[in-house]
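Throughout, read-outs are computed from the coordinates displayed, never taken from laboratory work. These numbers come from a predicted model, not from an experiment. When we count neighbours, we look across all protein chains shown, and the Cβ atoms used for this are built from the backbone with ideal geometry, even at glycine.
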Amino acid sequence: MTTDAEPFRRCSTCKKPIDFEAAYYECSVSTCNRKRTGLYFCSLGCWEAHLPMMRHRDAWAVEARAPTREAHAAEEPDEPARVEAARPAISEPARASSAEHGAEARRRVVASPPDAAEEDVLVVVSKLKAYVRARSGMNTSDAVAHRLSNHLRRLCDAAIQSAERDGRRTLLERDFDRR
């Protein structure tokens, strides 16, 4: 193990360094191997320690070997350069025009919401039914959830208009108090 340079990775459980060209273990479950998650384990014991927390149904440890420092450097581009390359080049006049266009697009969304959003239920039906039963002992029809969702849409639309009048892009509690 070299102490003068960064290791390939650190163990996700015990945080021990995993050196370049060293053996390590990965979890066989795809969600543990995503680029952003990237779980790496220095030993089988460390891999087993993550199982209760992740609650995998069927998983195994996959042995792998860390790349050489040079191969790793070639795979991983420099982070600031990568971020800058991903950012589109927009001139200042175009950026201002884009901002104006964005505000216009937001207004259009408020005026004509998509059909799928009109059908979605916006309340947690089981919580609603439990509340009504606890308060009154009554049952609740399934149609009530759709009726309440439509009422919530109207309230939200009014709150959105209120926030837009005030020049905000965040709905606040007071937006729902105005009539």
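Descending by average beta-carbon neighbour count within 10 Å, the peptides 154-161, 130-137 line up as 154-161, 130-137, the highest first.
Taking packing as the residue-averaged number of other Cβ atoms within 10 angstrom, the listed peptides 15-21, 146-152, 50-56 run from highest to lowest as 15-21, 146-152, 50-56.
Across the range 49-60, coupling constants 3J(HN,Hα) worked out from phi with the 6.51/-1.76/1.60 Karplus curve, θ = phi - 60°, read 5, 7, 4, x, 6, 7, 6, 5, 7, 9, 8, 8 Hz, and Gly and Pro carry x.
Inverting the pair-averaged 1/r between distinct Cα atoms of the range 120-173 gives 12.8 Å as its Kirkwood hydrodynamic radius. Label positions at ASN150 and ALA64, each projected 7 Å from the Cα along the C-beta direction, are separated by 5.3 nm. The lysines whose alpha-carbon is closer than 24 Å to the alpha-carbon of LYS16, local same-chain residues fewer than 8 away aside, are LYS35.
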